[in-house]
Number of protein chains: 2
Amino acid sequence: MMDGKIRRNHRVGWTMDIEARPPQTTQQYVLSQVRRAILTGKLAPGAPIRQDTLAEQLGVSRVPIREALKILEGEGQVTYRPRRGYVVAELALEDFLEVYRLRRILEEEAIRQTLGRITDEDVTRLEEAHAEVVRSSRIHDITAMAAANRLFHFTLFEAAGMPRLLRFLNILWDATDVYRSRYYSEESNRDRVDQEHLGIIEAVRARDADELVRRLNEHRDGTVATLREFITERQI
Amino acid sequence: MMDGKIRRNHRVGWTMDIEARPPQTTQQYVLSQVRRAILTGKLAPGAPIRQDTLAEQLGVSRVPIREALKILEGEGQVTYRPRRGYVVAELALEDFLEVYRLRRILEEEAIRQTLGRITDEDVTRLEEAHAEVVRSSRIHDITAMAAANRLFHFTLFEAAGMPRLLRFLNILWDATDVYRSRYYSEESNRDRVDQEHLGIIEAVRARDADELVRRLNEHRDGTVATLREFITERQI
DNA sequence: AAAATTTATTTTGGATCCAATATTAAGTCT
DNA sequence: AGACTTAATATTGGATCCAAAATAAATTTT
């Protein structure tokens, strides 16, 4: 085992793309980095998370690592067994379907609440998010598209003004982030998303709740059908 | 500030009632104690949580405290602001209503799933839980009744076999634990609960999903109506 | 050689120490 | 006195150190 001194290298030169100014606290920095590592597959599902290794890689001590891992545990992104440590959570087909089933219910609730109180500003932000989705879709920037897509949907969810519901939805979306990115890597899927978003915006503009719910369900079911295959083939 | 050595007194003589054998790790111990403190009102909503003080009281260092608080933050039991520390979460009327609204939706989903796969053993456990509710209700043991009541409902939720849904429900129940205990301190409320549980069991036995959902909603709405007043008077 | 046992190594959990920020108190100026 | 500035204190965040448990490797036993 190594035990050289910590260099806190993330304050100086760090090569990764986003993460412009480092977060307020180190744990937040660690949290975002571990999130990214899981998302990009650097930390693969089922892989144990060695605190020492991670600490060394990020140039921090183990303390902020542990606190960040506790948060991820709460979100179900990692699983924890006392004295055994943390493991990147695996998503069986069953779990995947549960996530989408819960999303269907909770998103309908959020959406209906939103439609009753949505402002023109919200609609504008929705359209802007959509524009960004299209833009990043065109240039094949999967990461940007995933982020923009999330912003698109959460613009609607946030407007509901239900913090716990929002938190649950975030957790559910996080759980399948990896797979969603895969979905966007197919051009046909990207085009489909763009198209469906248009229909969603239309329903929002018309303040037609039932139609909106219908379109969102359709939108969601489309991804589920495709992603199902990714999951099952991973299982083999 | 004091800084005497830690005595780890929770291994030896600790006066509190439950918590027979101490949990595997200190953070688990801390977690359960802080939970209890919030539940009993020792840590009142809005009150800042001083890590040093808490550490001294529990006879541990601040490290497990911090990890436990991170979990509670994830559950929304405490709020956190970097460099400012943790505060016991306050539940405004709005939040309270959100919790029950989400419970209504999620519990219906859990229940319907459960009814399709429930075993006779589950029903037996449900009846046992009910018996325990009645027993503790009779002897005016509010804490025991709250625990038994929770077991009663979660026997149904667990049988659904949906881990994320179960976790969400736990979070929602935790958020209003304090108020539910108050509800049970009224004898008439306790009797009402016992009665309604009988109806619920009946619907489960008959495998009548719609009837079960209806009864559960009624059951829930009853508490909401009463608890609403507790909340509003606290707000003043 | 395979199983069981012992020893060595790794890894986690917790305690203590130190630095940085936030909060409070004291002092200064108008 | 009230507002502003500066010093003192309290509190959090992070690093390091140590003990206990788990895992891996080596040894012994059958």
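The values are calculated or read from the model by the stated rules, or taken from the named source; none is laboratory data. Since we're looking at a predicted model, the values are computed, not measured. Backbone-built Cβ (ideal geometry, glycine too); neighbour counts: all protein chains shown. Heads up: the accessible areas ignore ligands, DNA and RNA and are worked out on the full protein's heavy atoms, side chains in. Shrake-Rupley method; radii C 1.70, N 1.55, O 1.52, S 1.80 Å.
A single entry from A:Glu56, A:Glu98 fulfils the requirement of being crowded, with 16+ Cβ neighbours inside 10 Å and in contact (Cβ under 8 Å) with a residue 24 or more places away in the chain: A:Glu56. Residue check: A:Ile111 meets all listed conditions (1) farther than 14 Å from A:Gln27 by Cβ; (2) modelled with pLDDT of 95 or more; (3) open to solvent by 20 Å² or more (accessible area, probe 1.4 Å) but one, namely (3). The set of residues in region A:1-53 being open to solvent by 70 Å² or more (accessible area, probe 1.4 Å), aromatic (Phe, Trp, Tyr) and either modelled with pLDDT of 95 or more or in a helix (DSSP H, G or I) (or both) is empty. Looking across region B:84-95, the residues that are within 16 Å of DNA strand D (Cβ to nearest atom) and touching a residue at least 24 places away in the same chain (Cβ under 8 Å) come down to B:Gly85, B:Tyr86, B:Val87, B:Val88, B:Ala89.
Which pairs do you get when a residue that is not assigned by TED's automatic domain parsing to the domain that holds A:Ala129, found in region A:195-214, comes within reach of a residue that is open to solvent by 50 Å² or more (accessible area, probe 1.4 Å), reach meaning Cβ atoms under 6 angstrom, with the pair 6+ apart or on two chains? Going by the 6 Å Cβ cut-off, there are no qualifying pairs. The set of residues in region A:50-102 being more than 10 Å from chain B (Cβ to nearest Cβ) and within 28 Å of A:Gly161 (Cα to Cα) consists of A:Gln77, A:Phe96, A:Tyr100. Set side by side, the residues A:Glu75, A:Glu132 differ, and just one is acidic (Asp, Glu), under 30 Å from A:Leu212 (Cβ atoms) and touching a residue at least 40 places away in the same chain (Cβ under 8 Å), which is A:Glu75. Please determine, by comparing only the residues of region B:146-196 that are out of contact with any helix residue (DSSP H, G or I) (no Cβ under 7 Å at 6 or more places or on another chain) and polar (S, T, N, Q), which one is surrounded by the most Cβ atoms within 10 Å (Cβ to Cβ). Result: B:Asn170. The condition of being modelled with pLDDT under 95 and charged (D, E, K, R) holds for only one of B:Arg180, B:Arg192, that being B:Arg180. Every condition in (1) over 18 Å from B:Arg125 (Cα atoms); (2) in a loop (DSSP other than H, G, I, E, B) is met by B:Ile231 except one, and the failing one is (2). Of A:Asn170, A:Asn189, A:Asn149, all but one fail to be within 12 Å of chain B (Cβ to nearest Cβ) and part of a helix (DSSP H, G or I); the exception is A:Asn170. Considering only residues that are surrounded by fewer than 18 Cβ atoms within 10 Å (Cβ to Cβ) and assigned to a strand (DSSP E or B), look in region A:65-95 and name the one that is nearest to DNA strand C (Cβ to nearest atom). Here the residue is A:Gly85.
Condition test on B:Arg62, is it open to solvent by 60 Å² or more (accessible area, probe 1.4 Å), closer than 29 Å to A:Ser61 by Cβ, touching a helix residue (DSSP H, G or I) at 6+ places or on another chain (Cβ under 6 Å) and at pLDDT 95 or above? Answer is yes for this residue.
Taken over region B:114-133, the criterion of being open to solvent by 30 Å² or more (accessible area, probe 1.4 Å) and either within 18 Å of the chain's Cα centre (by Cα) or under 22 Å from B:Asp194 (Cβ atoms) (or both) is satisfied by B:Thr124, B:Arg125, B:Glu127, B:Glu128, B:Ala131, B:Glu132. Scanning region B:157-166 for residues being assigned to a helix (DSSP H, G or I) and either at the interface with chain A (Cβ under 7 Å from one of its Cβ atoms) or within 16 Å of B:Val78 (Cβ to Cβ) (or both) gives a total of 2. Here is the figure for region A:40-56: residues that are more than 13 Å from DNA strand C (Cβ to nearest atom) and more than 21 Å from the chain's Cα centre (by Cα) total 0.
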